[in-house]
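The values are calculated or read from the model by the stated rules, or taken from the named source; none is laboratory data. Everything numeric in this text was worked out from a predicted model, so none of it was measured. Quick reminder, even Gly has a Cβ in these numbers, built from the backbone with ideal geometry, and neighbours come from all protein chains shown. Side chains included, ligands, DNA and RNA excluded: accessible areas come from the protein's heavy atoms. Shrake-Rupley method; radii C 1.70, N 1.55, O 1.52, S 1.80 Å.
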Amino acid sequence: MKVQSYLRKAAFYLLLGVIVLQAVFPFYYAILTSLESGQAIFDVNYLPHVFDLSNYKSAFTNGVFGHQILNSIFVATVVVVLSMLLAVTASYSLARIPFKGRALLLLTVLSVSMFPQIAVLSGLFEVIRMMGLFNSLWSLIFSYMIFTLPFTVWVLTTFMRKLPSEIEEAAIMDGAPPLVIVRRVFLPLLWPAMVTTGLLAFIHAWNEFLFALTFLSTDSQRTVPVAIALISGRSEFEIPWGNIMAASVIVTLPLVALVLIFQRKIVSGLTAGAVKG
Amino acid sequence: MAPQSGLARQRTRSAWVFLAPMLFVLAAVALYPLLRTIWFGFTDASLTSFGSARFVGIRNYLEWLDYGDGNGEWLGLLVDGRWWSAVWNTVRFTLVSVTLETIFGMVIALVLNQKFPGRAVVRAAVLIPWAIPTVVSAKMWGWMLHDQFGIINDMLMRVGILSAPVAWTASPDTAMAAVMMVDIWKTTPFMALLILAGLQMIPDDIYEAARLDGVGPVRTFRRITLPLVLPAMLVAVVFRALDALRIFDIVYVLTPNSPETRTMSVFARENLFDYDKFAYGSAASTLLFLIIAMITIGFIYATRMDLSGTRE
């Protein structure tokens, strides 16, 4: 009996070890590679043995990588702010005011969040050309609304529905206009949900690839995922893996930090929205 | 319904005022582009001249090309072998990846649902793949799967599973497996977290009762855990499946131009922007949309999702 329980414990911790190892190893290996340069890269190593920052230096000195990071930060931030502004009032209506067609509207919002991006790509391309936004960061800010807005509305609506009706009854009786109710009663309560959805929307916008690949055409305008995808050498045999890994680590570290810090919030947001971030 | 009071009417009016900006943006970014995509599928639009596109009927989908000598052939998307192989690739990818993600996600969720020291740290570690941008994941794995200098070949050769290095991403036999590997690695955390949330809703006293009755762990899992966690799991599976059906990034970055991994999204974008067959690509996008829309509607009906919020 005793032996059996020890064996069981050992098996459990072994499984735990495998789970953790597979989760962190690829990122660990990317960091390891990013710290090697020259020929050292082509020897397979499992443990760090050199500490060479030249890949990081060249990432920032050659080309426009620094600029591309700023592009990504700008796009993701503006997308989050705009979708919050639009979503807070919209979800108040959907969550707190009974009116005809509400269920249908919510269904529409939910189905837009499942839209395959490719289905709107050619139409969106036309709209963006018409508005003169091609190769402008605003083309991304505009097009990213297709996934951040429904997601934000959905999660905030779910959250607001759970609040008891008493909290706004007094305000309604006092004849406060709805906008005042949203600002004075709900906004202070909404912060936790807004932090969660904002984070998820930020991560989604930061990672987006298809629109960024299609609507931007010059290097200095690109966001980081496209920049990394397009790093190439003069031939297939000269792919600068060290530089690619350094750039990858740079754009991923802030995300990993965010996820580790806000772990609980992110998990609750994912389960509330059941939408992939 | 009782006649609405003045107050209720005023609130309904402001509801629509509040909704208008959001609805306008969604119409501009989703509805109008979708309708235009569908329209382009019925025209001869090209990348440089979509302003002057003319209606050509269903020619992009199906057309009989007559040779003039009594013979001829069918042309169009519906008889295009490349399209159907892209459909098959997408379906195969979705079935295999989502199945394995569900199994691995369940295992990880069951482990994380146990009490052990350092659980918070493990849960954070498990989330890391989810936090890494898809493109970066594809690049990282592309490097690990490198045929000459990749660590995966090195590992497998060290333990004797492989005798010679494999060109994982380039070889037609393994390209799809490589894409699946990256996707499974990246999205299993999402699955695990959703299942874990479901597991945590199961009250402890059910397990306690089962233990007192001497029910073994396997039976407990099959008779108690699985049925109770099933609803949460199904939601996760459907969201993942819808997501997998539109996969683009990993394929584009990890195995560019490989017919073995070309999915519907990749096929559509190739035609739209690389081959200058804008109308043909739009037709493919439309079909992809139809497929996903049908699955979504089926899901909403099947689960009778409560959207009005009145039954809460």
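Meeting the requirement of 3 or more residues that are out of contact with any Lys or Arg (no Cβ under 9 Å at 6 or more places or on another chain) and either crowded, with 23+ Cβ neighbours inside 10 Å or away from chain B (no Cβ under 12 Å) (or both), the helices (runs of 4 or more DSSP H) wholly within the range A:134-190 are A:137-161, A:166-173. Of the residues in the range B:217-233, none is open to solvent by 10 Å² or more (accessible area, probe 1.4 Å), without any contact (Cβ under 8 Å) to a residue 40 or more places away in the chain and closer than 30 Å to B:Phe149 by Cα. Among the residues making up the range B:118-145, those that are of a type outside the set (A, V, I, L, M, F, W, C) and in contact (Cβ under 8 Å) with a residue 12 or more places away in the chain are B:Pro129, B:Thr134, B:Ser137, B:Lys139, B:Gly142.
Within the range A:230-264, being within 14 Å of the chain's Cα centre (by Cα) and more than 7 Å from chain B (Cβ to nearest Cβ) holds for A:Leu253, A:Pro254, A:Ala257, A:Leu258, A:Phe262. Residues of the range B:119-166 that are of a type outside the set (A, V, I, L, M, F, W, C) and open to solvent by less than 30 Å² (accessible area, probe 1.4 Å): B:Pro129, B:Pro133, B:Thr134, B:Ser137, B:Lys139, B:Gly142, B:Gly150, B:Asn153. Figure legend. Inter-residue proximity from the range B:22-50: first residues at the interface with another protein chain (Cβ under 9 Å from one of its Cβ atoms), second residues charged (D, E, K, R), beta-carbon distance below 7 Å, spacing 6+ or different chains. Indicated pairs: B:Arg36/A:Glu126; B:Leu47/B:Asp276; B:Phe50/A:Glu126. A:Phe125: open to solvent by 20 Å² or more (accessible area, probe 1.4 Å) and touching a residue at least 24 places away in the same chain (Cβ under 8 Å), yes or no? Here the answer is no, as A:Phe125 does not meet what is asked. Inside the range A:52-89, residues that are open to solvent by 30 Å² or more (accessible area, probe 1.4 Å) and in contact with a Gly (Cβ under 6 Å, 6 or more places away or on another chain) make up a count of 1.
Per-residue answers, yes or no, for (1) in a helix (DSSP H, G or I); (2) more than 30 Å from B:Ala284 (Cα to Cα):
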site	(1), (2)
B:Ala210	yes, yes
B:Gly214	no, yes
B:Thr225	yes, yes
B:Val235	yes, no
B:Ala244	yes, no
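Residues checked against (1) modelled with pLDDT under 90; (2) facing chain B (nearest Cβ under 7 Å); (3) out of contact with any Asp or Glu (no Cβ under 9 Å at 6 or more places or on another chain):
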| residue | (1), (2), (3) |
| --- | --- |
| A:Val3 | yes, no, yes |
| A:Leu7 | no, no, yes |
| A:Ala11 | no, no, yes |
| A:Ile19 | no, yes, yes |
| A:Phe27 | no, yes, yes |
| A:Thr33 | no, yes, yes |
| A:Gln39 | yes, no, yes |
| A:Val44 | yes, yes, no |
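Within the range B:104-121, the set of residues being among the β-branched types (Val, Ile, Thr) and within 14 Å of B:Lys186 (Cα to Cα) comprises B:Ile108 only.
Scanning the range B:170-185 finds one or more residues that are at the interface with another protein chain (Cβ under 10 Å from one of its Cβ atoms) and open to solvent by 40 Å² or more (accessible area, probe 1.4 Å).
If you go through the range A:226-246 one residue at a time, do you hit one that is under 26 Å from B:Ala268 (Cα atoms) and touching a residue at least 60 places away in the same chain (Cβ under 8 Å)? Checked against the condition, which is being under 26 Å from B:Ala268 (Cα atoms) and touching a residue at least 60 places away in the same chain (Cβ under 8 Å), the range A:226-246 yields at least one hit. Considering B:Phe104, B:Phe93, the condition of being aromatic (Phe, Trp, Tyr), open to solvent by 50 Å² or more (accessible area, probe 1.4 Å) and assigned to a helix (DSSP H, G or I) is satisfied by B:Phe104 alone. Comparison of B:Ser46, B:Ser85, B:Ser52, B:Ser14 shows that the only residue that is under 19 Å from B:Tyr280 (Cα atoms) and touching a Pro at 6+ places or on another chain (Cβ under 9 Å) is B:Ser85. Has the range A:178-196 got at least one residue that is of a type in the set (A, V, I, L, M) and touching a Gly at 6+ places or on another chain (Cβ under 6 Å)? Looking for residues that are of a type in the set (A, V, I, L, M) and touching a Gly at 6+ places or on another chain (Cβ under 6 Å), one finds none in the range A:178-196, hence no.
Do we have B:Ala192 as of a type in the set (Gly, Ala, Ser) and under 23 Å from A:Lys265 (Cα atoms) here? Yes; evaluated as a whole, the condition is true for this residue. Candidates B:Thr134, B:Thr94: the one that is within 23 Å of the chain's Cα centre (by Cα), facing another protein chain (nearest Cβ under 9 Å) and closer than 25 Å to B:Asn271 by Cβ is B:Thr134.
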